[in-house]
Amino acid sequence: MRNYIALIASALLIAGGQSHPAVARPVSPSSLPSYVPQGARKGEIWYPQMPQNWNSITPWGQAINPTNQSGIVEIRTFEMTCLVNGRAMLITTGLDRLEAGIYLANPWFYNDQNTLIRPQRTANGTVQLPVPQGRVTHWWIRTPRPTVPNARNCTVTSQMRMSAGVLASIGGDYWVNRTTGWQGQDVANIPIGISNWHNSEGGWQTLIMAPSR
């Protein structure tokens with residue numbers, strides 16, 4: 001366990017040669033728009049251990065924009081670590097394999113209907129994604145996903161900043177295998193958990209989804 005904690009600490013302290021921003025201060029769940037489901041309004045781990053005979057995993061992020069103008073989220077780092085067969089493992093890091101889509105916010109992610117968007121690289125190596133008013137911008141690691149059997153106690157960390165009014169959170173999913181697509185709620189994938197939601201205050205900040213200690 002000490003090695004696992006050290007791995008997480010290293011990921012938070014150094015990313016791309018830069019010191020990490022302060023850990024973000026969450027917004028109150030009561031301040032979120034009513035269309036955010038009750039179970040997704042605050043940080044929580046739902047499934048700390050991968051289901052038996054499943055063998056894949058991915059981190060993800062999401063951002064909403066309850067303002068009346070367009071917004072963006074800018075991502076500098078995106079990383080997942082897990083315990084695998086009792087040993088700490090870095091599952092994925094970096095932005096090269098990001099995919100993203102824009103979904104309905106009300107109803108929440110309705111029937112997985114989405115419009116795929118291309119993540120935009122900046123001159124500084126970050127990735128920017130648009131967050132349209134009244135929609136959910138969702139990003140993840142594209143298939144084939146990492147093959148990671150017997151994963152548990154996963155942590156997702158990301159350095160990001162949002163334009164004024166945009167709110168963001170991060171999380172992760174277990175998947176049946178590395179290539180299957182979405183087949184319905186909790187059929188081929190189930191959520192590991194979700195971080196708290198955060199706003200743009202403070203500029204660059206570190207979001208964390210982590211198991212309870």
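The values are calculated or read from the model by the stated rules, or taken from the named source; none is laboratory data. Since this is a predicted model, take the numbers as computed values, not measurements. All Cβ positions, glycine included, derive from the backbone under ideal geometry; neighbour counts span all protein chains shown.
What strands (runs of 3 or more DSSP E) completely inside the stretch 123-213 contain at least 2 residues that are closer than 15 Å to Glu79 by Cα and touching a helix residue (DSSP H, G or I) at 6+ places or on another chain (Cβ under 7 Å)? By residue number, 151-162. When Asn106 is tested against the conditions (1) polar (S, T, N, Q); (2) in contact (Cβ under 8 Å) with a residue 60 or more places away in the chain; (3) more than 22 Å from Tyr47 (Cα to Cα); (4) outside any loop (DSSP other than H, G, I, E, B), the lone failure is (4).
So which residues in the stretch 49-62 are outside any strand (DSSP E or B) and more than 19 Å from Trp140 (Cα to Cα)? Listed by number, the residues that qualify are Pro51, Gln52, Asn53.
If you filter the stretch 126-162 down to residues that are farther than 28 Å from Arg87 by Cβ and basic (Lys, Arg), you find that the one that is farthest from the chain's Cα centre (by Cα) is Arg135.
Checked against the criterion of being at pLDDT below 95, part of a loop (DSSP other than H, G, I, E, B) and more than 15 Å from the chain's Cα centre (by Cα), the candidates Asn3, Asn68, Asn111 yield just one match: Asn68. For first residues located in the stretch 201-213 and more than 10 Å from Ile170 (Cα to Cα) and in contact (Cβ under 8 Å) with a residue 12 or more places away in the chain, partners that are basic (Lys, Arg) and surrounded by 13 or more Cβ atoms within 10 Å (Cβ to Cβ) and lie 6+ apart or on another chain with Cβ distances below 6 Å form the pairs Gly203/Arg161; Trp204/Arg161.
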